[in-house]
Amino acid sequence: MTDQTATDRLRIAIIGSGPSGFYAADFLLKSEVSPTVHMFERLPTPYGLVRYGVAPDHAKIRNVINVYAKTAAHADFHFYGNVNIGYDITLEELRQHFDAIILAYGSSTDRHLNIPGEDLPRSYTATEFCAWYNGHPDYRDHNFDFSHETAVVIGQGNVAMDVTRILATPAEKLAATDMAVHAVEALKASKIKNIHCIGRRGPVQAAFTPKEIAELGAIEDCDVIVNPADLEIDEVSRAFLESGDRPSAKRNFDVLTEFAQREPTGASRRIYVRFFQSPVSINGEGMVESVTLVTNELTGEPGAERAVPTEQTETLPCGLFFRSVGYKGVPLPGAPFDEKRAIVPNEKGRVSPGLYTVGWIKNGPAGLIGTNKKDSEETVAQLLEDASSLAGAPHRENDHLNGLLADRGIRVVSYEDWLKIDTAEVERGKAAGKPRGNFTTVDEMLAVLD
Ligand code: NAP
C-alpha cells in the first residue's frame, strides 16, 4: 500500500463485468500502485457470460462467481451496474473521471453464415438461444418454435454442444436447474426428436472439447449417432491426431469412436454428430423447412486444414435451424474498432496510453473462462508500465460522477444492491425448487431495491 489519499490514487474504470474484467480488477487491486477500481456494467447484474452464457446444467462452472465476489468485496472496488457506457455516459466523459479505462465488454453479437434463408422464421442463432434460456433481459421475449421434430445446429464449438445438449435433455431435468422458467416451459412442449450437429471439417479438427462431446452420450433417453465412415480420416488428419500436438483431439476422437460403435436403443431423441458438411442455403416457404448441405474435403497443413466444397449436396428436411459459428464483437462509441477482426485493436492489451482492453473484445471470441486470467494479467502489466504518466483525470471524486449519472436519471446499482437482488433470486428459486430464480427484466431487478 502507498500512503496516497483516495483522490491521489490512480482511478481505473473497467467496462464490462465478465471474467476478463474481474481478473483485471483482481490483478490491479493486488498491484503495487493500489488503485481504486470502478467496474461499469450495462445490466444491474454482474458476471457477463458466466450468468448469461454458461449453460444452466453446468452449475459447477458458475461457481467461479465465488472468486469474483472476493474481488468485489475489496474496499477499493466499486460496481456501477445499470450504466450503459457510450449511451448513458460517453467514453470521453468517463476519461474525465478516470486515469485509465479497460474495455472488457466482450462480444455481444454473433457471426453470420451469409447464406440464403438465414433470416427465415425458425432460423435462430445459438447466442440468442443461450441468452434466452439463461433469462437475459434483452432476449426474454424472443420466441423459439419447438413444434417440429428435426433441428439442425451448424458449428461444433462448445456453444453448439450446449445448444445440442439443451435441445436433447428432458425438460424435467432442466426444470431443476436455474434455467429461466419461460425457457423450461417452452422446452417442456418441445416436439424435437432429431438434432443434427454439423461440422464443416472432420472429427480431428472439431472445436469442441472432450468433456463437452462426451456429455452428449450421457443424456437421458437420447441416442447419439456417429457415422463410422466420418471417422475414416485422411493421412494428414491421422498424422496430426497421432502427433499429440493437440491432445484433446485424440480424446475427442476416442469419444466419437465409442459413439460410432453404439447401437441405437430406440430412445425418444437422437443426436446425429456429423462432419464434412457446410450449409449453402436454408430453404422454406415463409419458414425453415430444410437446409441444403454441401459435402467438403479437407486441404492444407496438419492442424490448419480448411474445408473445400465438393459437387455433392444433400437437402435435409428440418424445422429449426441454429447457427453456432461464433460470437462477434461490436464497437463501443468513442473507442477504436477493427471492423475486419471485430476487436479493439491493441498491442498486448494496450490500445493507447490510458486505454486498454481484455478478454474477447481484445482477442476475439475464443477460450475458456480461465483463459482470461493470464490474458488480463498481460494487459494489467501494460497499464502498470504506463502508471506513472496516467494520473491526469480532472474529476477525482466519486460524488461528481454519481451526481452526473443521477442528473441523467440513471439508477446506479452498487455491488451491495446486487447482493440484495442476488438474495431475492435465491429466495425465489427456493420457492420453485430451483437453485435460484433469476429475474429476467431490469424492472424486476430494480424493484427489489425500491
Ligand atoms: P468456437 O469454439 O470458435 O466454434 C465455432 C464453430 O463454428 C467451429 O466448429 C467452427 O468450425 C464453426 N464455424 C465457423 N464459421 C463457420 C462457417 N462459416 N460454416 C460452418 N461452420 C463454421 O466458438 P463457440 O462455440 O462460440 O465458443 C466460443 C468459446 O467459448 C470457445 O473457446 C469455447 O470453448 C468456449 N465455451 C466453452 C464452454 C465450456 O467450457 N463448456 C461452453 C461454451 C463455450 P471450424 O473449426 O471449422 O472453424
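Read-outs throughout are calculated quantities, based only on the coordinates presented, and are distinct from any laboratory measurement. No experiment lies behind these values; they were computed from the predicted model shown. We place every Cβ from the backbone using ideal geometry, glycine too, and count neighbours over all the protein chains shown.
What to note about this one:
- Antiparallel bridges, percent of DSSP beta bridges restricted to the chain (to nearest 5): 35
- Simple Cβ-charge dipole of segment 178-275, Lys/Arg +1 and Asp/Glu -1, about Cα centre, in debye nearest 20: 300
- Shape analysis of segment 274-328 yields a ratio of the Cα radius of gyration to the Kirkwood radius, Rg/Rh, of 1.05.
- Those GluC sites (Glu not before Pro) in segment 1-100 that DSSP places in a loop and that have at most 12 other beta carbons within 10 Å: 32
- If you wrap segment 109-327 in the convex hull of its Cα atoms and look at it from every side, the mean projected area works out to 11.9 nm².
- Per residue, the convex hull around the alpha carbon atoms of segment 166-237 comes to 117 Å³.
- Helical contribution to [θ] at 222 nm, DSSP H n ≥ 4, -39,500 (n - 2.57), averaged over the chain, rounded to 500: -9000 deg cm²/dmol
- Segment 212-242 and segment 382-450: distance between their alpha carbon centers, rounded to Å: 44
- Extreme residue, positive dipole direction of segment 92-229, given options 137, 213, 181 (C-beta unit charges): 213
- Centroid-to-centroid separation of segment 34-84 and segment 342-368 [C-alpha atoms, Å]: 19
- Against the rule of thumb 2.2 N^0.38 Å, how large the Cα Rg of the chain comes out: 1.05
- Charge dipole (debye, nearest 20) of the chain; +1 at Cβ of Lys and Arg, -1 at Cβ of Asp and Glu: 500
- The charge dipole of segment 109-327, taken about its Cα centre with unit charges on the Cβ of Lys, Arg, Asp and Glu (plus for the first two, minus for the last two), comes to roughly 260 debye.
- By the rule of a C-alpha distance below 26 Å, with chain neighbours fewer than 8 residues away ignored, the lysines paired with residue 348 are 30, 328, 340, 362, 373, 374.
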